[in-house]
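> This is the structure, below, for whatever I ask next.
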Amino acid sequence: MNSLFHILKFPALVLFVNIVFEAKGIYYALPWVDMPMHFLGGVSIGFAGIAFLAFLRTRGFVSEMPFLLHAFLIMSFVGLAAVSWELWEFAADFMLNKHLQIDLFDTMGDMFFGFLGGFVLSILHRIR
């Protein structure tokens, strides 16, 4: 259970901040906040991916891997999360009339900044 907490603590923190911002109307008052939040979401999922791979390595499920494979897997986690988040927003718009997705440009920007956050984290993880 401690490992699960360690893996999910950063995404849970970003999700909590997102819920507070949504409830307080921050995204409507300060629309520019959306892009940094998606960037941080990508970073947080990247951290979760790194922690998950470390967990698998300590349990003997995977061994040390080359940087490009490691980065590919991290970016795969981030990509899955970004697409899943946008699908959730689409479903909320469709079923609950929420208007979370403004337009295609907004959706693509959200996914781009999520991917960028994961990419930056992958590079920084490699440098350290």
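The values are calculated or read from the model by the stated rules, or taken from the named source; none is laboratory data. No experiment lies behind these values; they were computed from the predicted model shown. Cβ placement follows ideal geometry from the backbone for every residue including glycine, while neighbour counts extend to all protein chains displayed. For accessibility, only protein heavy atoms count, side chains too; no ligands or nucleic acids. Shrake-Rupley method; radii C 1.70, N 1.55, O 1.52, S 1.80 Å.
> For I19, all conditions in the list (1) open to solvent by less than 30 Å² (accessible area, probe 1.4 Å); (2) under 25 Å from N2 (Cα atoms); (3) out of contact with any helix residue (DSSP H, G or I) (no Cβ under 9 Å at 6 or more places or on another chain) hold save one; what is the number of the exception?
Result: I19 passes all but (1).
> Let me ask you something else. Under 7 Å by Cβ, and 6 or more places apart or on different chains, what pairs join a residue from the range 112-128 that is without any contact (Cβ under 8 Å) to a residue 60 or more places away in the chain and under 7 Å from G42 (Cβ atoms) with one that is part of a helix (DSSP H, G or I) and open to solvent by 100 Å² or more (accessible area, probe 1.4 Å)?
As it stands, the answer is none, since no pair meets every condition given.
> Keeping to the range 36-60, report how many residues are part of a helix (DSSP H, G or I) and over 15 Å from M111 (Cα atoms).
12
> Same structure, new question: Going by the conditions given, is F67 touching a His at 6+ places or on another chain (Cβ under 7 Å) and among the aromatic types (F, W, Y)? Write out each step before concluding.
Details: touching a His at 6+ places or on another chain (Cβ under 7 Å): no; among the aromatic types (F, W, Y): yes.
For F67, the condition - touching a His at 6+ places or on another chain (Cβ under 7 Å) and among the aromatic types (F, W, Y) - is not met.
> Being part of a helix (DSSP H, G or I) and free of Cβ contacts under 8 Å to residues at least 40 places away in the same chain is the filter; apply it to the range 25-35 and report the residue that is surrounded by the fewest Cβ atoms within 10 Å (Cβ to Cβ).
In this case the residue turns out to be W32.
> May I ask you to list the residues in the range 68-120 that are charged (D, E, K, R), open to solvent by 60 Å² or more (accessible area, probe 1.4 Å) and closer than 23 Å to A48 by Cβ?
Listed by number, the list is empty, since nothing qualifies.
> Also, quick follow-up: Give the range 61-110 a look and list any residue that's outside any helix (DSSP H, G or I) and modelled with pLDDT of 90 or more, or say none. Step through it out loud before you land on a result.
At the first step, the residues of the range 61-110 found to be outside any helix (DSSP H, G or I) are 61-66, 97-103.
Residues satisfying the conditions are F61, P66.
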